[in-house]
Amino acid sequence: MKIAFFDSGIGGLSVLHHALKILPQEQFIFYADEDNVPYGTKSREEVLHFVDEAFKFLIGQGVGAIVVACNTATSVAVKAMREKYSLPIIGMEPALKVALDLFPERKVLVTATAITITGEKIRRLIGKLHAQNLAELLALPKLVEFAELQEFKSAALEEYLRSELDYDFENFSSVVLGCTHFNYFKDTLREILPAHVKILDGNAGTINELIRRTNLQPAQAKNLPRTEFFYSGRRVTDLRELARLAKFLHRLNEMEAIK
Ligand code: DGL
């Protein structure tokens with residue numbers, strides 16, 4: 001069974017990267033909607049349309065499950081896609097529950113795109129977790145641009161993060177990366193945030209949910225998992241583009257241990 005990972009761009013590679021480690025015997029398709037990235041600054045109608053197009057393509061590829069490795073697309077479109085298709089569809093959820101389970105009663109800064117942060121889905125999550133007084137929300141749209149440009153470390157990036165993360169972190173336990181593009185910047189975030197503030201993402205939770213929904217078997221990395229890459233429906237075969245994707249995966253290897 002082929003499993004699809006879908007994102008507006010290369011953020012979803014951070015979720016695929018985790019799956020490649022845990023499910024090395026599977027076959028994956030990675031679909032980056034590079035023609036339309038970023039989603040976070042577009043209208044909900046536009047994003048719904050893009051996700052609909054991507055799903056049509058992926059269903060046409062005969063995939064057995066789709067991981068929406070994008071918080072923004074999950075927030076806008078996962079409900080509609082589940083109503084339309086019966087295959088397992090696994091979405092992203094900002095790791096607010098993980099943060100509150102680890103550190104009850106401590107504040108959490110949830111970072112994401114503007115669409116995710118203003119959406120109904122996150123409001124419902126906060127309500128369900130009774131976290132109205134604990135969750136603070138912050139949009140970091142520029143990180144999506146930095147990531148797509150592979151600007152992983154620079155003075156401009158650091159300046160942007162320092163000015164946005166202007167919080168008194170004493171009462172915060174953690175910063176949640178509620179956008180899959182943000183995982184590329186864990187080293188700079190680690191430098192800026194006080195040592196007691198943990199950096200949490202939803203990748204492990206998403207892959208656990210994929211395993212639960214599909215009965216896939218986690219394994220030791222014996223085989224090299226096979227992944228086909230697509231940009232907005234076009235198979236990526238150009239060696240320069242494949243090298244670009246490899247560079248992102250390499251960066252994610254480096255970021256993996258940073259918590
Ligand atoms: N990677 C996406 C997310 O997890 C969205 C980035 C964007 O396209 O704005 O929210």
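Here Q217 and E159 are evaluated by their C-beta separation; at R0 = 35 Å the FRET efficiency comes out at 0.15.
Annotation for N253 and E46: the two label points, set 7 Å from Cα along the Cα-Cβ direction, are 3.6 nm apart. Our helix-only sum for the chain, with -39,500 (n - 2.57) per DSSP H run of n ≥ 4 divided by its residues, gives a mean residue ellipticity at 222 nm of -13500 deg cm²/dmol.
Within a Cβ distance under 12 Å of K186, other residues only, what is the Lys/Arg minus Asp/Glu net charge? Here the count lands on 0. Only the Cβ atoms of Lys and Arg (+1) and of Asp and Glu (-1) were treated as charged; on that basis the dipole of the chain about its Cα centre amounts to roughly 880 debye. Our estimate of slack between S232 and A204, defined as 0.36 nm per intervening residue step minus the Cα-Cα distance, is 7.5 nm. D by Stokes-Einstein for region 80-169, Kirkwood Rh over Cα pairs, 10 °C, 1.306 mPa s: 104 µm²/s.
Prolate is the label for region 17-91, because the ratio a/c of its alpha-carbon gyration tensor axes (a ≥ b ≥ c) is 1.5 or higher and a/b is greater than b/c.
Between N171 and Q150, the simple label model (points 7 Å from Cα in the Cβ direction) yields a spacing of 4.3 nm.
Here region 1-98 is assigned +1 on the Cβ of each Lys and Arg and -1 on the Cβ of each Asp and Glu. Its dipole about the Cα centre then comes out at about 340 debye. Legend: translational diffusion of the chain by Stokes-Einstein, Rh = Kirkwood radius over C-alpha pairs, 4 °C, 1.567 mPa s; D = 70 µm²/s. Annotation: the residues F55, F152, sorted from fewest to most other C-beta atoms within 10 Å of their own C-beta, follow the order F152, F55.
Excluding same-chain neighbours fewer than eight residues apart, the lysines reachable from K142 by a Cα-Cα span under 16 Å are K42, K153, K186. Multiplying the residue separation of L138 and Y85 by 0.36 nm and subtracting their alpha-carbon distance yields 15.8 nm. Among beta bridges from DSSP that stay inside the chain, the antiparallel ones total about 5%.
Could you give the distance between the Cα centres of region 54-129 and region 1-49, to the whole Å? With region 54-129 and region 1-49 each reduced to a Cα centre, they are spaced 12 Å. In region 106-237, Rg over Rh equals 1.01, where Rg is the alpha-carbon radius of gyration and Rh the Kirkwood radius from pairwise Cα distances.
The residue among P38, M1, M92 whose Cα reaches farthest toward the positive pole of the charge dipole of region 1-154, with charges on the beta-carbon of Lys, Arg, Asp and Glu, is M92.
Since every read-out is calculated from the coordinates, none of them should be taken as a lab result. Computed from a prediction, not measured in an experiment: that's the story for all the values here. Here the Cβ is made from the backbone with ideal geometry for all residues, glycine too, and neighbour counts use every protein chain on show.
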